[in-house]
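Following: one structure in structure tokens, then a few remarks.
Values in this text are rule-based calculations from the coordinates and carry no lab data. Keep in mind it's a predicted model, so treat the numbers as computed, not measured. Methodologically, a virtual Cβ is constructed for each residue, glycine included, from the backbone with ideal geometry; neighbour enumeration extends over all protein chains shown.
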Amino acid sequence: MHRHSHDIVEKKLAFSVGFNLIITVSEVIGGLISGSLALVSDALHNLSDTGALLTSYFARKISKKPRDRKYTYGYKRSELVASIINIVVLLSISFTIILEGVKKLVYPSEINTLVMLVIAYIGLFGNLFTAALLFAHRKENLNLKSAFLHIFSDMFSSIGIIVTGYIMKYYNLWILDPIITFVIAGYIIFESIHILKESIRIVMQGIPEGVDLDRVKKLLEEFDFVENVHHLHIWSLDGHTLYLETHVKVNGEEYDRYLGEMKGLLKKNGFFHSTIQLESKECNENCIADF
Ligand SMILES: [Zn+2]
Ligand SMILES: [Zn+2]
Ligand SMILES: [Zn+2]
């Protein structure tokens, strides 16, 4: 039963990816014919959504590959690599569109509002259709929920373009087209930078969000056999799995018991991969311990 419903979701997702690509192409063509840059920027937004879906789909497949002698941590970071490439491409297209928008702001040109409106309506109904497809599944998991919410909020950009189209049709205010372009491109850049920041944090082995280094240090130092904790490093492979590496100076010689108790406590706190170096003397000669 469960497997069955899972297949349906995957089919629906694959269908909405294909459908989105058709809308993207028609928006680019419609944008070129009508002279509306806003349509092209909305196409870029659709493309970014489709690209994100596709890269995460394929990267997820690759990331399931077992670790081997070359990639000893496995392939979990492939999703991260894919998302960074995706964002770099998106950012460069966004800046190109903004540059075009500046030109149109200085030299506004007439827009075929009929073509623009027809294509914008197609985009809006495409969004409505995809949202309706995913509506029934929006509570199944976090990914589907955010996909649904995203598509739902995308409808506002389509509505914005339609409203702009009507205003331009009746008042010949061609300058509105580059202005709404800036809003859409700005939104894409804003979202991309947010994702890029998260990705960079993981690549730089930064401490994962919600983890407090000092709290973990204190947690370990509460054991009566622990004298001090230093060289503490916490990072994440993919944003979900936590890794911990540390030196612990202990008083006593029941090393296996110490390790067992510390690793047990760490596991309870979400650290399933920990490497602990036990020491009976301070290691200050041979290691740099700032933490
Ligand atoms: Zn979107
Ligand atoms: Zn270190
Ligand atoms: Zn040490």
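Bridgeable lysines around LYS197 (alpha carbons under 22 Å apart, same-chain partners fewer than 8 residues away excluded): LYS76. Would you mind classifying segment 1-125 by shape? Square roots of the alpha carbon gyration tensor eigenvalues, ordered a ≥ b ≥ c; an a/c under 1.5 is rounded, otherwise it is prolate if a/b is larger than b/c and oblate if not. Because a/c hits 1.5 or more and a/b fails to exceed b/c, segment 1-125 counts as oblate.
Taking the Cα centre as origin and putting +1 on Lys and Arg beta-carbons and -1 on Asp and Glu beta-carbons, what dipole magnitude results for the chain, to the nearest 20 debye?
Values: 29 positive and 31 negative charges, 212 e Å.
Result for the chain is approximately 1020 debye, rounded to the nearest 20.
Rounded to the nearest 500, the 222 nm mean residue ellipticity of the chain from helices alone is -23500 deg cm²/dmol, with -39,500 (n - 2.57) taken per DSSP H run of at least 4 residues. Exceeding 21 Å between C-alpha atoms, which entries from my cross-link table qualify? They are LYS218/LYS263; LYS139/LYS268; LYS218/LYS268. Violating the 21 Å Cα-Cα cut-off are LYS139/LYS268.
Note on ILE193 and PHE272: the model spin-label points, each 7 Å out from Cα along the C-beta direction, lie 3.5 nm apart. The 3J(HN,Hα) values that the Karplus relation (6.51, -1.76, 1.60; θ = phi - 60°) gives for segment 241-253 are, in residue order, 7, 9, 10, 9, 9, 7, 9, 10, 8, 10, 10, x, 10 Hz. Gly and Pro appear as x. Cβ-Cβ distance of GLU10 and ASP238, R₀ of 22 Å, FRET efficiency by 1/(1 + (r/R0)^6): the value works out to about 0.55.
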